[in-house]
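Some notes on the structure that comes next.
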Amino acid sequence: MRKRIFFWIGAVMVVIVGAMVVCDRMVYYTAKNRLYDKVEDVPHRKVGLVLGTSPVSAWNGRRNYYFDHRVKSAADLYKAGKVDWLVVSGGDYRNTENGYDEPVAMRDSLMKQGVDSVRIILDYDGTRTLNSISKMRDVYRQDSITIISQEYHNERALYQAKHLGIDAIGFNAITPGRRTSWWRNRGREVLARVKLFIDIVRGLQPDIKESMVSDFTKPKSGFMSESHIKTGYGDLICLKPDMGRLTMDMVCGEIPSADNDSIVLAFAGAFTGTMFDKGHFNIAGDHVSGGVRFKGYGCKRNTGAFTWSPVSGARFVYNNHSPALDKAAAEGGMGFTQEMMIHDGKAVTTTRSLGNKNVFRALCQDSDGELALYESQGIVTFGNFIEALLSQGVREALYTDMGQGWNYCFYRLNVDENSPKYLHSQPLPYASNFIILKIK
């Protein structure tokens, strides 16, 4: 009886190990001749997909060299003209131990290595390799891509891409030399390959939350898109600028004229007082205009900040925003402080009562990581406006000055549009600051 038990245990182990070896080898041979180690050998593809990882190891909290090498490989491909766009695909794990916002961490590191932020697409559905690759086909409409990761990961990703009908090649980032790290990741990869085949047999479908089809590689016809959105908390107007073609600044002490056809969008930014001749002191909180930092009057509602510079692009900061303003000034940008409404995809405590009624406006980071200006279509409660933004997947929202006179806003959708459109056409004579987006 004991011999039988050992026999069957041994047989099961042989089958399991055999299945692991077969799965591992199938993935390996499928990827053969589709992997590259040298930048100069890689054929051009429009889009490179950088598979996500964190800058800090989830195992021991130390620096993650897999992240460093992966990002460097992506930057090298971009700078060599082997890819025109980089999709950084990962998850937001900031609420976990040693967790990071992986797409933002990858983007920031790529920018430090000379990659244009406009050419970096943030994908927050990349919590699984299946999601990352499926989204390239189903949402971004790409059927020919370069996948960037370590070799063992690339092999599995290429098998997944082939199964999904995507013409993919892989560029191998350097695999760190620590043997313990290599064995741990290699062992995990063998199990992941077995799971890959199990998922294929089960017909597992990707879990993609951002499902609006958008081919970011195609040039956009206008400077900005305008949409009207119905929600259960009130209707919204959304203006989404093409920041690849525009530049931003904060204009203080004057009201932008709609006759200036280089201005694509202008709207009131920070809170202002009622004494125009006080200049920058009439603006609530410290702010940056034309690359220069100014001091304004104190305001307890200013819990957040927005900054933009040609180097770092758009940033939203909650609470400790003084360093961000300094950075924006050093980089020749702009910035202002205001009341934060949404941070990291969640509503935050506001000084303004949630029952307060008005036509509200907020500068936001949309669900796709892009800049957007949202306004309530008519009078709503402040709480409902926040809920309406959350229903659209808004990740960051900073209030902008509103109320009769301060809600002045005009915009142009296309280069040929001589007459601008208005959200509100009457400014107050002492409105002291405006955020403007201009043609580069």
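For TYR100, work out the one condition from (1) closer than 19 Å to ASN154 by Cβ; (2) surrounded by 22 or more Cβ atoms within 10 Å (Cβ to Cβ) it doesn't fulfil. Unmet for TYR100, out of (1) closer than 19 Å to ASN154 by Cβ; (2) surrounded by 22 or more Cβ atoms within 10 Å (Cβ to Cβ): (1). Of all the numbered requirements in (1) at pLDDT 90 or above; (2) within 14 Å of the chain's Cα centre (by Cα); (3) not in a helix (DSSP H, G or I), MET106 misses one, and that requirement is (3). Checking each residue in the range 369-386 for being closer than 17 Å to ARG245 by Cβ, in contact with an Asp or Glu (Cβ under 6 Å, 6 or more places away or on another chain) and open to solvent by 30 Å² or more (accessible area, probe 1.4 Å) picks out no residue at all. Can you tell me which residue is farthest from SER309 (Cα to Cα) among those in the range 103-123 that are open to solvent by less than 50 Å² (accessible area, probe 1.4 Å) and touching a Phe, Trp or Tyr at 6+ places or on another chain (Cβ under 7 Å)? Residue satisfying both the conditions and the ranking: PRO103. Remark: pairs (first residue in the range 215-239, closer than 15 Å to VAL118 by Cα; second residue open to solvent by 60 Å² or more (accessible area, probe 1.4 Å) and at pLDDT 85 or above; Cβ separation under 7 Å; 6+ apart in sequence or on different chains) = ASP215/ARG141; THR217/LYS46. All of ASP344, ASP366 fail the test of being open to solvent by 30 Å² or more (accessible area, probe 1.4 Å), charged (D, E, K, R) and modelled with pLDDT of 85 or more, apart from ASP344. Which residues, taken from the range 92-109, are of a type outside the set (Val, Ile, Thr) and closer than 20 Å to PHE216 by Cα? Once the filter is applied, which keeps residues that are of a type outside the set (Val, Ile, Thr) and closer than 20 Å to PHE216 by Cα, the range 92-109 yields PRO103, MET106, ARG107, ASP108.
Being assigned to a strand (DSSP E or B) and exposed (fewer than 15 other Cβ atoms within 10 Å of the Cβ) is the filter here, so list the residues in the range 422-440 that pass it. Across the range 422-440, the qualifying residues are TYR422, ILE439. Of the strands (runs of 3 or more DSSP E) lying entirely inside the range 277-324, those containing at least 2 residues that are among the small types (Gly, Ala, Ser) are 304-309, 313-318.
The set of residues in the range 337-370 that are within 24 Å of the chain's Cα centre (by Cα) and farther than 18 Å from LEU239 by Cβ comprises THR337, GLU339, MET340, HIS343, ASP344, GLY345, LYS346, ALA347, VAL348, THR349.
The values are calculated or read from the model by the stated rules, or taken from the named source; none is laboratory data. Just so you know, these numbers come straight off a predicted model, no measurement behind them. A quick note on method: Cβ atoms are made from the backbone with ideal geometry, for glycine too, and the neighbour counts reach across all protein chains shown. Areas reflect the complete protein model, heavy atoms only, side chains present, ligands, DNA and RNA absent. Shrake-Rupley method; radii C 1.70, N 1.55, O 1.52, S 1.80 Å.
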